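First comes the structure, then the notes that go with it.
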């Protein structure tokens, strides 16, 4: 196969990969869009320009890579009534697709071994494989080191929209996304809420429980508190978020003053 002849399908696959950044950009996430732009193009272009297979196999496999990358993103970011996983969720799966592409290129080269070494096709194969291998190994190794340095769990920071917006009968006094935590991304968020009409604490708790249940929190009554937990959407196993609030004012501690009688504190952690 002459180099440069009949390479139109390779250019079309390369152009198709340029559409992958549209997915995260549509979410209003420019930084993940940049990651998708770089990595998605590297994976698809590595196959498009590195394979020695003909047009039929090349197009089918290349389009398959684009379709799988897009599908993984869609499944990862589909909320399903749960908090949406961060971009790392789909990127880890994209790394696996990159590893599969790398293995496919190696198999493709072995299957189409050329009798003439270091011809232009061989140079193009190395030019396609080396960037892909470097990105997969560096990113994969970085994720492994991060998991080893932590406690091996994937965590999502608590976001305000897990309880907000509040109904008009309630007002957010303060919010601390990490009132207490550790060194592995584990944090306990603290939201202080009060009634806007001067209602009693009992009424405020009742309103809060009804609101949080409407937001998807499966709160259950326990002695002295309400608590519950829910999973995070996505492809990886993320630590669930746990929520609780006390029905009575919290007493003072060595670090915190007593809770005002008319205010209720909502705690959410990702431990």
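Being at pLDDT below 85 and in a helix (DSSP H, G or I), is that true of even one residue in segment 10-23? There is at least one residue in segment 10-23 that is at pLDDT below 85 and in a helix (DSSP H, G or I).
Answer yes if at least one residue in segment 81-101 is out of contact with any helix residue (DSSP H, G or I) (no Cβ under 9 Å at 6 or more places or on another chain) and in a loop (DSSP other than H, G, I, E, B), and no otherwise. Yes, that holds for at least one residue.
Here residue 185 meets each of (1) at positive phi; (2) modelled with pLDDT under 90; (3) surrounded by fewer than 17 Cβ atoms within 10 Å (Cβ to Cβ) with one exception, condition (3). Here residue 41 meets the list (1) in contact (Cβ under 8 Å) with a residue 40 or more places away in the chain; (2) in contact with a helix residue (DSSP H, G or I) (Cβ under 9 Å, 6 or more places away or on another chain) almost entirely, failing just condition (1). Only one of the numbered conditions (1) in contact with a helix residue (DSSP H, G or I) (Cβ under 7 Å, 6 or more places away or on another chain); (2) more than 22 Å from residue 107 (Cβ to Cβ); (3) loosely packed, with under 14 Cβ neighbours inside 10 Å is violated by residue 29, and that is (3).
Quick one: how many residues across segment 197-230 are more than 24 Å from residue 83 (Cβ to Cβ), in contact with a strand residue (DSSP E or B) (Cβ under 7 Å, 6 or more places away or on another chain) and either in contact (Cβ under 8 Å) with a residue 40 or more places away in the chain or surrounded by 13 or more Cβ atoms within 10 Å (Cβ to Cβ) (or both)? It would help to see each step written out before you state the result.
Kept after step one, since they are more than 24 Å from residue 83 (Cβ to Cβ), are these residues of segment 197-230: 197-204, 206, 223-224.
Subsequent filtering for residues that are in contact with a strand residue (DSSP E or B) (Cβ under 7 Å, 6 or more places away or on another chain) retains 201, 203-204, 224.
Now narrow it down to the ones that are either in contact (Cβ under 8 Å) with a residue 40 or more places away in the chain or surrounded by 13 or more Cβ atoms within 10 Å (Cβ to Cβ) (or both): 201, 203-204.
The total comes to 3.
Any chance segment 47-69 includes a residue that's at pLDDT below 90, farther than 25 Å from residue 122 by Cβ, assigned by TED's automatic domain parsing to the domain that holds residue 121 and crowded, with 20+ Cβ neighbours inside 10 Å? No, segment 47-69 has no match at all. Are there any pairs with C-beta distances below 9 angstrom linking a residue in segment 14-33 that is assigned by TED's automatic domain parsing to the domain that holds residue 48 and within 13 Å of residue 87 (Cα to Cα) to a residue that is part of a loop (DSSP other than H, G, I, E, B) and at pLDDT below 75, with the two at least 6 apart or on different chains, and if so which? The qualifying pairs are 33/27.
Any residue at all in segment 83-106 that is more than 26 Å from residue 144 (Cβ to Cβ) and modelled with pLDDT under 90? No.
Residues in segment 183-210 that are over 17 Å from residue 226 (Cβ atoms) and under 21 Å from the mean Cα position of the chain (by Cα): 183, 184, 185, 186, 187.
The values are calculated or read from the model by the stated rules, or taken from the named source; none is laboratory data. Worth saying up front: this structure is predicted, and the values here are computed from it rather than measured. FYI the Cβ positions are ideal-geometry reconstructions off the backbone, even for glycines, and counts take in every protein chain you see.
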